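The structure under discussion appears below in the form of structure tokens.
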Ligand code: ATP
């Protein structure tokens with residue numbers, strides 16, 4: 001079943017157009033990686049799905065409902081959760097309190113404190129630590145955990161690995177299969193193609209606000225992806 005459908009959206013920042021008749025479809029239970037270089041429009045697409053940007057043309061449909069103009073706080077209860085680039089952990093709250101912020105939506109589902117701690121042992125070990133005292137990788141794991149606490153039907157992960165040490169990126173990626181096993185649909189934005197290909201079943205590559213390549217992750221060659229990524 002198609003859970004999310006973005007249909008031919010144009011998205012602008014003032015006079016600047018960031019997305020051009022861009023479409024994307026996500027089946028329930030699927031993991032789709034949106035890849036592309038700096039400025040390709042990946043974060044803009046995520047913000048459009050989460051309700052932080054409103055397209056000037058086109059539509060966003062979630063579970064059969066047109067949500068194009070629905071504000072982001074009304075999309076969360078429907079099951080759309082964004083882990084934004086930059087993470088945005090509350091510095092004066094403990095890890096556990098940060099996670100509980102995500103639970104205020106009270107959607108039913110498999111995710112609670114125990115399940116998050118099991119998926120991210122790193123987070124469990126630091127449950128009493130203040131957000132202020134967390135490393136970048138710890139913040140990223142807490143931000144994903146917080147989004148999961150809302151029991152999303154689709155989890156939007158923006159630039160998971162950006163600025164993190166390789167060993168921490170491995171830890172975070174190690175948790176993703178467990179998230180998918182719970183039936184959570186994942187839309188992953190990455191600059192790092194290798195990480196994206198490890199977990200995604202489909203890949204969509206953006207260049208300057210347009211889709212230049214898409215297909216099953218195991219059917220695309222490295223050369224095809226590299227050419228699309230760099231616009232060669
Ligand atoms: P990055 O990995 O660098 O964030 P991206 O693929 O996520 O890249 P976007 O952040 O979506 O790209 O940016 C797409 C285009 O929109 C870029 O040209 C960028 O400069 C522009 N842009 C992004 N945010 C704004 C903004 N707030 N105001 C004006 N232009 C913006």
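Out of everything in segment 150-172 that is crowded, with 17+ Cβ neighbours inside 10 Å and part of a helix (DSSP H, G or I), what residue ends up being farthest from the ligand (Cβ to nearest atom)?
171
Are any residues in segment 173-184 touching a residue at least 12 places away in the same chain (Cβ under 8 Å) and either over 21 Å from residue 100 (Cα atoms) or assigned to a helix (DSSP H, G or I) (or both), and if so, which ones?
Hits for segment 173-184 are 173, 175, 176, 177, 178, 179, 180, 183.
Which condition does residue 201 not pass, out of (1) under 15 Å from the mean Cα position of the chain (by Cα); (2) buried (at least 17 other Cβ atoms within 10 Å of the Cβ); (3) over 15 Å from residue 83 (Cβ atoms), if it passes all the others?
Against the list (1) under 15 Å from the mean Cα position of the chain (by Cα); (2) buried (at least 17 other Cβ atoms within 10 Å of the Cβ); (3) over 15 Å from residue 83 (Cβ atoms), residue 201 comes up short only on (2).
Is segment 11-30 home to any residue that is closer than 23 Å to residue 143 by Cβ, out of contact with any helix residue (DSSP H, G or I) (no Cβ under 9 Å at 6 or more places or on another chain) and within 16 Å of the ligand (Cβ to nearest atom)?
no
Could you tell me whether any residue of segment 120-134 is surrounded by fewer than 19 Cβ atoms within 10 Å (Cβ to Cβ) and part of a strand (DSSP E or B)?
yes
Regarding residue 46, is this residue in contact with a strand residue (DSSP E or B) (Cβ under 7 Å, 6 or more places away or on another chain), in a loop (DSSP other than H, G, I, E, B) and within 16 Å of the ligand (Cβ to nearest atom)?
Criteria not met by residue 46.
Restricting to segment 91-105, count the residues that are surrounded by fewer than 18 Cβ atoms within 10 Å (Cβ to Cβ) and either within 18 Å of residue 154 (Cβ to Cβ) or under 19 Å from the mean Cα position of the chain (by Cα) (or both).
Summing the residues that are surrounded by fewer than 18 Cβ atoms within 10 Å (Cβ to Cβ) and either within 18 Å of residue 154 (Cβ to Cβ) or under 19 Å from the mean Cα position of the chain (by Cα) (or both) in segment 91-105 gives 3.
None of the figures in this text is laboratory data; all of them are computed from the coordinates on show. The structure presented is a predicted model; accordingly, all values stated were derived computationally and were not measured. No Cβ is skipped: glycine too gets one built from the backbone with ideal geometry, and neighbour counts run over all protein chains shown.
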